[in-house]
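A.B. asks: Dumping the structure here so I can ask a few things about it.
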Amino acid sequence: MTASRTDARPAAALGTLLETDEQRALRAAVAALGKRYGRAYFTDVVREGGHTDALWADAAKAGYLGVNLPEEYGGGGAGITELSIVLEELGTAGCPLLMLIVSPAICGTVIARFGTEEQRREWLPGLADGTRTMAFGITEPDAGSNSHRITTTARRDGADWLLTGRKVFVSGVDIADATLVVGRTEDARTGRLKPCLFVVPRDAPGFTRRMIDMELAAPEKQFELALDDVRLPSSALVGDEDAGLLQLFAGLNPERVMTAAFALGMARYAVDRAVEYATTRQVWKEPIGAHQAIAHPLAQAHIEIELARLMTRKAAQLYDAGDDAGAGEAANMAKYAAGEAAVRAVDQAVHTLGGNGLTREYGLASLVTAARVARIAPVSREMILNYVSHQSLGLPKSY
Ligand SMILES: Cc1cc2nc3c(=O)[nH]c(=O)nc-3n(C[C@H](O)[C@H](O)[C@H](O)COP(=O)(O)OP(=O)(O)OC[C@H]3O[C@@H](n4cnc5c(N)ncnc54)[C@H](O)[C@@H]3O)c2cc1C
């Protein structure tokens, strides 16, 4: 059997200049774990309607899930750089774990940075050791990409809060112990969003969910949520109700970096499979990979992936260094570049395999829709182009 590209370059490190010895070791170790499970494990779980609990538990045991969380709460004390390495390498092995974006990256970060001591002690050790999971809900049916229009509202009732609103496309609510819900307080119902975040336990009275029938082959399901006067103690509010966007973006920048890593893992998996196939599949005199019509688009996909990996690395590093503003621009660009690279890489990989590209055996066709997620969520391609037009280039706004 021909050695795969992943065998030849085990962990596809970014090089000694860009990655420390620890980061390269982490990459190699996660890649080895991912390989033990592989694409067949992931697609079997999806087919059986199950969850990736075994891989999740193994990743937790090795300290990968909470690698970004503070050591004093059971985490690894590293950053989003390391967590994005974990997600990218698991994706490269065929197991892109979407909940890594939500649970340790968004929710873990927000609680670690802005939660009370009590909230940190309650949530972080469980998020780190994999025994607890959190979902994150910001998207609303009538607001969509325009989060300034969200209307989920919290009003005070004595010492408690009553939370009412609708959310849509929220991932993993069924398996999450709680959802971190973005709302606004009653006195900030209109105008620029002044978000506040609440921890809503899965079984809180008045909190209901309906699974959305998605055309996605993924173990994580998406849900429409209804919150009808959900009563929450004052301790459910994470951070300060007046902290505003700063606190929200503390979670959203890691979300973009992690979505980039999610896309890059899938893209690398797809290109690896395509290269293996193109090296061995022969229908004329030479393997099909000798035809430039097959080779060049794969080379192009590889270049686009590597460029997106660099930008993802930049965004993660800026974030970990505490530069929230710099990380914002870079994280958006990284998510854009990785999402586009993944969509094109998967498309070309499927095409490279001809009919086999659409069989279950090769596990590639299901990535066609999965890769599209990275173009739409958590912020669409167009909204990133809007952001870059206005924030980076200073162009006027049309909306
Ligand atoms: C698999 C999956 C998982 C998800 N998980 C979560 C989750 O866990 N939590 C959560 O809160 N959300 C989640 N989302 C929601 C996701 O973040 C939204 O789908 C995304 O933000 C886009 O919102 P929308 O679907 O309402 O699209 P819309 O806002 O309706 O946009 C539709 C189209 O119009 C374009 N558009 C809109 N406004 C403009 C404009 N001003 N200029 C140019 N183009 C524009 C968009 O780019 C897009 O192509 C998930 C989505 C998916 C698909």
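Read the figures in this text as sums done on the coordinates, not as results from a lab. Model, not experiment: these values are computed from the prediction. With ideal geometry, Cβ positions are generated from the backbone for all residues, glycine too; neighbour counts draw on all protein chains shown.
A.B. asks: Stretch residue 359-residue 57 to full length: gain in nm at 0.36 nm per residue minus the Cα-Cα span?
C.D. replies: That works out to 105.8 nm of additional length.
A.B. asks: Here's something else I'd like to know. Only helical DSSP H runs with n ≥ 4 go in: add -39500 (n - 2.57) per run for the chain, normalise by residue count and round the 222 nm mean residue ellipticity to 500 deg cm²/dmol.
C.D. replies: Theoretical 222 nm ellipticity from helices: -15500 deg cm²/dmol.
A.B. asks: Compute the signed sum of charges (Lys and Arg +1, Asp and Glu -1) over the other residues within less than 10 Å, Cβ to Cβ, of residue 330.
C.D. replies: Values: positive: 256, 313, 314, 335; negative: 323, 329.
Result for the local shell: +2.
A.B. asks: Only Lys, Arg, Asp and Glu count, each charged at its Cβ (+1, +1, -1, -1), so figure out the dipole size of the chain about its Cα centre, rounded to 20 debye.
C.D. replies: Computed charge dipole of the chain: roughly 1000 debye.
A.B. asks: In debye to the nearest 20, how big a dipole does region 135-238 give about its Cα centre with +1 on each Lys and Arg Cβ and -1 on each Asp and Glu Cβ?
C.D. replies: That gives region 135-238 a dipole magnitude of about 380 debye.
A.B. asks: Once the dipole of the chain is set up with Lys and Arg at +1 and Asp and Glu at -1 on Cβ about the Cα centre, which of 391, 180, 275 lies farthest towards its positive end?
C.D. replies: 275
A.B. asks: Treating only the Cβ of Lys, Arg, Asp and Glu as charged (+1, +1, -1, -1), what charge dipole size does region 245-392 show about its Cα centre? Round to the nearest 20 debye. Can you show the working numbers first?
C.D. replies: Values: 14 positive and 14 negative charges, 68 e Å.
The calculated dipole for region 245-392 is roughly 320 debye.
A.B. asks: Hey, what does the equivalent ellipsoid look like for region 358-399, semi-axes from the Cα gyration tensor as sqrt of 5 times each eigenvalue, largest first, whole Å?
C.D. replies: Gyration-tensor ellipsoid for region 358-399: 34, 8, 6 Å.
A.B. asks: Please name whichever of 232, 243, 49 sits farthest to the positive end of the charge dipole of the chain, dipole taken about the Cα centre and charges placed at Cβ: Lys and Arg +1, Asp and Glu -1.
C.D. replies: 49
A.B. asks: Give me the net charge for the shell around residue 221: Cβ to Cβ below 13 angstrom, other residues only, Lys and Arg +1, Asp and Glu -1.
C.D. replies: Local net charge: -3.
A.B. asks: While we're looking at this one, here's another question. Compute the helix-to-body angle for 366-376: its Cα long axis versus the longest principal axis of the chain, expressed 0 to 90° and rounded to tens.
C.D. replies: 50 degrees
A.B. asks: Evaluate E = 1/(1 + (r/R0)^6) for residue 202 and residue 285, where r is the Cβ-Cβ distance and R0 equals 56 Å; express this FRET efficiency to the nearest 0.05.
C.D. replies: 0.40
A.B. asks: Between 0 and 90 degrees, rounded to the nearest ten: what's the tilt of helix 80-92 against the longest Cα principal axis of the chain?
C.D. replies: Once rounded, the angle reads 50 degrees.
A.B. asks: Another question, then. What shape does region 135-238 have by the C-alpha gyration tensor, where a ≥ b ≥ c are the square roots of the eigenvalues, rounded means a/c under 1.5, and otherwise prolate means a/b greater than b/c and oblate the rest?
C.D. replies: Numbers: a/c = 2.27, a/b = 1.37, b/c = 1.66.
Because a/c hits 1.5 or more and a/b fails to exceed b/c, region 135-238 counts as oblate.
A.B. asks: Which one of 73, 85, 96 is farthest out on the positive end of the charge dipole of region 5-133, using unit charges on Cβ (Lys, Arg +1; Asp, Glu -1) and the Cα centre as origin?
C.D. replies: Of 73, 85, 96, it is 96.
A.B. asks: Which of the peptides 348-356, 63-71, 364-372 is most tightly packed, and how do the rest follow, going by the mean number of other Cβ atoms within 10 Å of each residue?
C.D. replies: Per-residue mean Cβ counts within 10 Å order the peptides as 63-71, 364-372, 348-356.
A.B. asks: Quick one: check the C-alpha center-to-center distance for region 285-327 versus region 195-215, whole angstrom.
C.D. replies: What the calculation gives is 35 Å, centre to centre.
A.B. asks: Angle check, please: helix 21-47 long axis (alpha carbons) against the longest principal axis of the chain (alpha carbons), in degrees 0 to 90, nearest 10.
C.D. replies: With both axes taken from Cα atoms, the answer is about 90 degrees.
A.B. asks: Is the chain best put as rounded, prolate or oblate by its Cα gyration tensor, with a ≥ b ≥ c the root eigenvalues, rounded for a/c under 1.5, and otherwise prolate when a/b is larger than b/c, oblate when not?
C.D. replies: Because a/c hits 1.5 or more and a/b exceeds b/c, the chain counts as prolate.
A.B. asks: Moving to a separate point now. Quick check: from the Cα gyration tensor, does region 5-133 come out rounded (a/c under 1.5), prolate or oblate? Write down the numbers at each step before the final one.
C.D. replies: Numbers: a/c = 2.47, a/b = 1.27, b/c = 1.95.
Verdict is oblate for region 5-133.
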